[in-house]
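Working notes for the structure below.
The values are calculated or read from the model by the stated rules, or taken from the named source; none is laboratory data. Just so it is clear, the structure is predicted and the values come from calculations on it, not from any experiment. We place every Cβ from the backbone using ideal geometry, glycine too, and count neighbours over all the protein chains shown. We work out accessible area using only protein heavy atoms, side chains counted, and drop any ligands, DNA or RNA first. Shrake-Rupley method; radii C 1.70, N 1.55, O 1.52, S 1.80 Å.
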Amino acid sequence: LKDIAEVKYPFPGKTGANEFFIISKDIAKEWSIEKKYIKPIFVTPREIKTIEVDDIEGLNYVLIVNEPKNKLKGTNVLEYIKYGETKEVIIKRGSEVGKKVKGYHNLPVLRNKKIWYSLGEREVSEILFPALMWERIFAVWNKIHAAATHNFYEINPKNKNDALLLLGFLNSTLAALFIELY
């Protein structure tokens, strides 16, 4: 696969604070977070009903903010970030597991970042493949250009004309056999 495509860990991958970065439609609406700061995201393969996804219905959002706070003045996303800095959070991993801190920005995984709420920028992939297989093995044609969590791998064909061929192969029984054997 690496000869014909680039396979990478998804953006945003593991955030360390998914409950802050992964936002339901209700939360986005409640906070009136500006659309330019949120992007649809696949959280789990169970959300995907077909291999060709061209509708964001039912998906959550991921917070994508790469600007410093002084450039966010007057925005609702800044209010959400400030809320995140006051919320009591329990550390879930590492040597400080179980400890409570005030604000997501004080979590060990985020505390040393210049802009703690920034996940960076990266293009999303055309093809997504579940990192764990349960009932089915399938590749997804990400036509809506949604981001994905660590539950997926991103696959970008080196030659864009090969995307459908690669999707066809990855969704074939032959690919399923290779995956099982591997």
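Some points to look at:
- Reachable lysines from Lys8, criterion Cα separation under 21 angstrom, eight or more residues apart if same chain: Lys39, Lys143, Lys158, Lys160
- The loop-placed trypsin sites (Lys or Arg not before Pro) in region 15-73, going by DSSP, that have at most 10 neighbouring Cβ atoms within 10 Å of their Cβ come out as Lys49, Lys73.
- Length-normalised contact order for the chain - Cα pairs under 8 Å, 6+ apart - percent: 31 percent
- Global geometry of region 120-165, whether rounded, prolate or oblate, following the gyration tensor of its Cα atoms and the 1.5 cut on a/c: oblate
- Label-to-label distance for Val101 and Ser24 is 2.6 nm, based on points extended 7 Å past Cα in the beta-carbon direction.
- Taking GluC sites (Glu not before Pro) across region 1-79, the ones in a DSSP loop with at most 12 further Cβ atoms lying within 10 angstrom of their Cβ are Glu57.
- Dipole of the chain, positive end: most advanced residue of Leu177, Ser24, Leu119 [Cβ charges, Cα centre]: Leu119
- Scoring 173-179, 111-117 by mean Cβ neighbours within 10 Å over their residues and listing the highest first yields 111-117, 173-179.
- Relative contact order (%) - region 1-75, alpha-carbon pairs under 8 angstrom, separation at least six: 36 percent
- Cross-linked pairs Lys36/Lys82; Lys71/Lys100; Lys25/Lys92; Lys25/Lys99; Lys82/Lys102: Cα-Cα separations exceed 22 Å for Lys71/Lys100; Lys25/Lys92; Lys25/Lys99.
- Nonpolar atom fraction for the chain, defined as the carbon and sulfur part of the 1.4 Å probe accessible area, stands at 54 percent.
- In the chain, the DSSP beta bridges split such that about 75 percent are antiparallel, to the nearest 5.
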